[in-house]
Amino acid sequence: MKKGGKTSTALGCGILLAGLAALMWAVYFFGRRWPTATAVVAGAIILAFAAWIMALRRKARATWHEPIVQQILLELIKLLPPHWNEAELTLTAPIQGIGQGVAHAVTSLEGHTDPVFPSSSELLFATRELELGSKQRDMRWKRVVIRIKRQGEAWGAVADFEY
């Protein structure tokens with residue numbers, strides 16, 4: 001079963017409804033004997049559940065773009081000339097906002113003047129995925145600046161979203 005698919009969502013909703021039905025039964029059964037205590041316990045359970053759901057949503061919203069940015073980084077590194085050690089990819093949204101395509105610019109932070117064009121279909125696909133995912137989540141950025149720097153054999157990276 002694919003995580004986030006229709007089946008897993010339906011199963012999750014079914015489990016949620018079964019849990020709520022069990023809670024309602026417990027409130028009815030115990031509420032006749034201890035109404036105040038039952039109401040307090042039921043309220044605490046509902047608040048804890050709501051807090052848990054909100055935390056899951058916050059976490060999902062905060063990290064959804066990480067695999068996409070990693071893909072962009074890999075494709076950017078493939079495009080760079082071998083003597084470049086630092087580079088910056090700038091994605092600029094048009095005046096109308098994101099969703100209609102973004103402008104791409106690759107520059108050297110070391111002052112190299114070799115032209116590097118973001119022509120890789122994988123890079124363009126990944127930046128489009130980032131753009132559409134941002135639009136879907138109503139994250140209306142104006143620019144994304146991704147800086148990479150070679151550190152020995154590895155690369156370090158930073159992505160800044162400007163709103």
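The values are calculated or read from the model by the stated rules, or taken from the named source; none is laboratory data. What you see is a predicted model; the values in this text were computed from it and never measured. Counting neighbours? That spans all protein chains shown, and the Cβs are built from the backbone with ideal geometry, glycine included.
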Are any of the residues in segment 80-93 surrounded by fewer than 15 Cβ atoms within 10 Å (Cβ to Cβ), part of a loop (DSSP other than H, G, I, E, B) and among the hydrophobic types (A, V, I, L, M, F, W, C)? no
A careful count of residues in segment 106-140 that are in a helix (DSSP H, G or I) and either among the charged types (D, E, K, R) or more than 12 Å from LEU80 (Cβ to Cβ) (or both) gives 15
Expected single match for more than 19 Å from HIS65 (Cβ to Cβ), at pLDDT 90 or above and of a type outside the set (Asp, Glu) among ALA126, ALA105, ALA157 is ALA105
Within segment 121-156, the count of residues that are buried (at least 16 other Cβ atoms within 10 Å of the Cβ), of a type in the set (Gly, Ala, Ser) and over 10 Å from ILE98 (Cα atoms) comes to 1
Among (1) surrounded by 13 or more Cβ atoms within 10 Å (Cβ to Cβ); (2) part of a loop (DSSP other than H, G, I, E, B); (3) not hydrophobic (A, V, I, L, M, F, W, C), GLN71 falls short only on (2)
